[in-house]
Amino acid sequence: MFNIVLLNPQIPQNTGTIGRMCVNANLKLHIIKPIMFDISEKAVRRAGLDYWHKLDLSVWESLDEFLSKNLQHKDRFFFATTKTNQLYFDAKYLAGDFIFFGAESTGLPSELMNMSPQNKVTIPMGKNGRSLNQAMSVGIIAYEAIRQNIQNFDFRVYV
């Protein structure tokens, strides 16, 4: 299982979509406050459909609280950012890793990423784009991590 970490999410539909994906991909979701919406808001539930109650979710009051409980894993913290040249598919993910995604408008703070700067990853984009939707980015990177570790996951394949 991987850990998806959302730092200060701002768009409820993204968080709901990410939660739904986490249920279906056997991922744990960590949400670090402040959150720009009520996590029980209709938009979150709507995007998450009937999956939200099945979600393995931890909500943290602050980044400091999260780090106080998880800092021992900092070598396995990965940071999705546009501020690196390391492509997400060149990183080597292991079950249990934490993959961080920043607020939609601000990204992740440099101080956080400097904890493990070798683990900053980016998604390649064409010259006309500057960023992808947060939920899409989570899906792209999370499923690469799963692909690399598929032998450790119990999945159904629908045909």
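Every number here is computed from the coordinates shown, using simple stated rules; none is lab data. In this text the structure is predicted, and so the values were computed from the model without any measurement. With ideal geometry, Cβ positions are generated from the backbone for all residues, glycine too; neighbour counts draw on all protein chains shown.
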**Study point:** Listed values (i) 0.98; (ii) 1.20; (iii) 1.46, entry calculated as Cα Rg over 2.2 N^0.38 Å
**Key:** (i)
Point to revise | Neighbour-limited loop hits for trypsin sites (Lys or Arg not before Pro), region 1-98 (at most 15 other Cβ within 10 Å; DSSP other than H, G, I, E, B) | key: Lys83, Lys92
Point to revise | Listed residues Glu61, Glu111, Glu144, most fluctuating in the chain (Gaussian network, C-alpha, under 10 Å) | key: Glu111
Check your understanding: Name the residues of region 1-20 whose amide N is less than 20 Å from a point 7 angstrom out from the Cα of Asp64 along the C-beta direction?
Key -> 6-9
Point to revise | Long-range amide H partners of Val59 with built H, under 5 Å | key: Ile31
Practice item. Classify region 109-159 as rounded, prolate or oblate, taking a ≥ b ≥ c as the square roots of the eigenvalues of its Cα gyration tensor: rounded when a/c is under 1.5, otherwise prolate if a/b is larger than b/c and oblate if not. Key: oblate
Revision key, fill the gap. Per the rule of 0.36 nm per residue minus the C-alpha distance, extending Lys33 to Ser110 adds in nm 26.0 nm
Review point. Stretched out fully, how many nm does the piece from His73 to Ile150 gain, at 0.36 nm a residue minus the Cα gap?
Key: 25.6 nm
**Study point:** Estimated FRET transfer efficiency when R0 is 35 angstrom, pair Asn24-Arg130 (beta carbons, to 0.05)
**Key:** 0.75
